[in-house]
Amino acid sequence: MHIVKFGPNSIIVESLTNTKLYQPTNMWFLGDGLSNSTVVCINNRILTKTIVSLDRNLVTVEIPQDILSLEQRLYIFLIDTRTDVRSNIVESKVSFFDSKKNLCSKPFSTLAHRGRHILISCFPKSGSTLLLKTLCKTTGFQNCPMVFEYGGNEQDLFLPSIIDAYSVDTITQQHVRATNTNLRLIKNYGLKVIILTRNIFDTLISLHDHLLSESLDMPMGYLDKNYRMLTFEQRLDFLVDIVTPWYFNFYASWSTVNTYLAPNDFLWITYEELINDKTKTISRLLSKFDLLDDKEKIFSSLAEIKNEDTRLNVGISGRGRQMLNDCQKKRILELTQRYPNMNFSLILN
């Protein structure tokens, strides 16, 4: 990938002395080897408002005003955020944006370093907030949502957010099913994945308690305010019939992850493992992804978040089988028959 030629697009503005000034608003780049994953990097900032032409040899980018006002020179290169291939670096002065190309003396390694990224793809009510906060404190990685918007939407990965986080070490917690698009983004951008599940019966009871005190918005199904006016049994019936299929879809979608990702790029863990031995489970996770496995640091991180809101409810295993009636449990088990060749023991035992 190579920048052949570049230049500014400018607008005319009036100064306080009524002098006409040319202020650049965006730039264009003519090059080769470009693709839809090509973005512009200016002074170590990757810009997501990058437009690649249909013939894939022309790029335009909007230049943020803070760069124009704070920086005197722009060091610019193109980067393929999927492959990490970079173009030559060109330099432009903010004051006049001439089109003369000068190579920057800064080494590539100091510009737009590719960060490390961990995705916690999780059952709702599976201890994911506890895991997220502990990992952030233990590793120093940033909590970085990669979703377009929460609420009642599916929490699919959002490409501009992935690009924005390109050069930062991040941990992301989302209820992400393993759709083809999500798997492609995970593979192309090098995300490591934790697949976090929980016993389905306990999950539904925990979700029931959560919905009585917090928002009714969730990606697994639509609820209106009348839900809280139902009887206890009616509320559980609703969750069994409307919400449980999403959980089985989530589990089934990840069941073939080994055909898409390398063994060292993903790890299954359960809520029960996490709660029963937090230090051991997190240590195993860090070792799996070649991160610093410091048990003392894990222990201190867990102590730090002890008084924080980790959104855990009662957290007692076995509540689900006790509180769901026989008919409800039967309907849940019948859903597994829709996937006759799949082993659901991980979330049924």
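From the phi of every residue in segment 26-32, what ³J(HN,Hα) in whole Hz does the Karplus formula 6.51 cos²θ - 1.76 cosθ + 1.60 yield, where θ is phi - 60° and glycine or proline is x?
Working through the residues one at a time gives 7, 10, 10, 9, 9, x, 10 Hz.
Mind sorting L157, L302 by how few other Cβ atoms lie within 10 Å of their own Cβ, fewest first?
L302, L157
Kindly flag which residue pairs out of K137/K295; K225/K330; K133/K306; K49/K137; K225/K306 have an alpha-carbon separation exceeding 21 Å in this structure.
Correct reply: K225/K330; K49/K137; K225/K306.
Taking the highest mean first, how do the peptides 324-336, 27-39, 126-138 order by number of other beta carbon atoms within 10 angstrom per residue?
Result, highest mean Cβ count within 10 Å first: 126-138, 27-39, 324-336.
I need the phi-derived Karplus couplings for segment 136-142: 6.51 cos²θ - 1.76 cosθ + 1.60, θ = phi - 60°, integer Hz, Gly and Pro marked x.
4, 5, 6, 9, x, 5, 8
With θ taken as phi - 60° and the coefficients 6.51, -1.76 and 1.60, list the Karplus ³J(HN,Hα) couplings across segment 270-280 in order, rounded to whole Hz; mark glycine and proline as x.
Computed from phi, the couplings for segment 270-280 are 10, 4, 5, 4, 4, 6, 5, 8, 4, 4, 5 Hz.
Between I316 and E149, what's the calculated FRET efficiency when r is the beta-carbon distance and R0 is 41 Å? Round to 0.05.
0.75
Put one equal scatterer on each alpha carbon of segment 117-348, apply the Debye formula with no solvent term, and list log10 I(q)/I(0) at q = 0.10, 0.11 1/Å to two decimals.
-0.46, -0.56
Distance in nm between label sites at Q337 and L261, each 7 Å beyond Cα in the beta-carbon direction?
According to this spin-label approximation, the distance is 3.3 nm.
Report the FRET efficiency, 1/(1 + (r/R0)^6), for R114 and H210, where r is their Cβ-Cβ distance and R0 is 35 Å, rounded to 0.05.
Given R0 = 35 Å and the Cβ-Cβ separation, E is 0.45.
With a ≥ b ≥ c taken as the square roots of the eigenvalues of the C-alpha gyration tensor of segment 172-241, please select rounded if a/c is under 1.5 and otherwise prolate if a/b is larger than b/c or oblate if it is not?
Here segment 172-241 falls in the prolate category.
What ranking of W268, W254 emerges when the number of other C-beta atoms within 10 Å of each C-beta is taken as an exposure proxy, fewest first?
Placing the least packed residue first, the sequence is W268, W254.
For the pair A252/N349, report the inter-label distance in nm, with labels modelled 7 Å from Cα in the Cβ direction.
2.2
Find how much the distance from E233 to T83 grows on full extension, using 0.36 nm per residue of separation minus their present alpha carbon separation; answer in nm with one decimal.
That pair, E233 and T83, stretches by 48.8 nm at full extension.
Bear in mind that the values in this text are calculations on the coordinates, not laboratory data. Everything numeric in this text was worked out from a predicted model, so none of it was measured. As a convention, Cβ positions derive from the backbone with ideal geometry for all residues, glycine included, and neighbour counts pool all protein chains shown.
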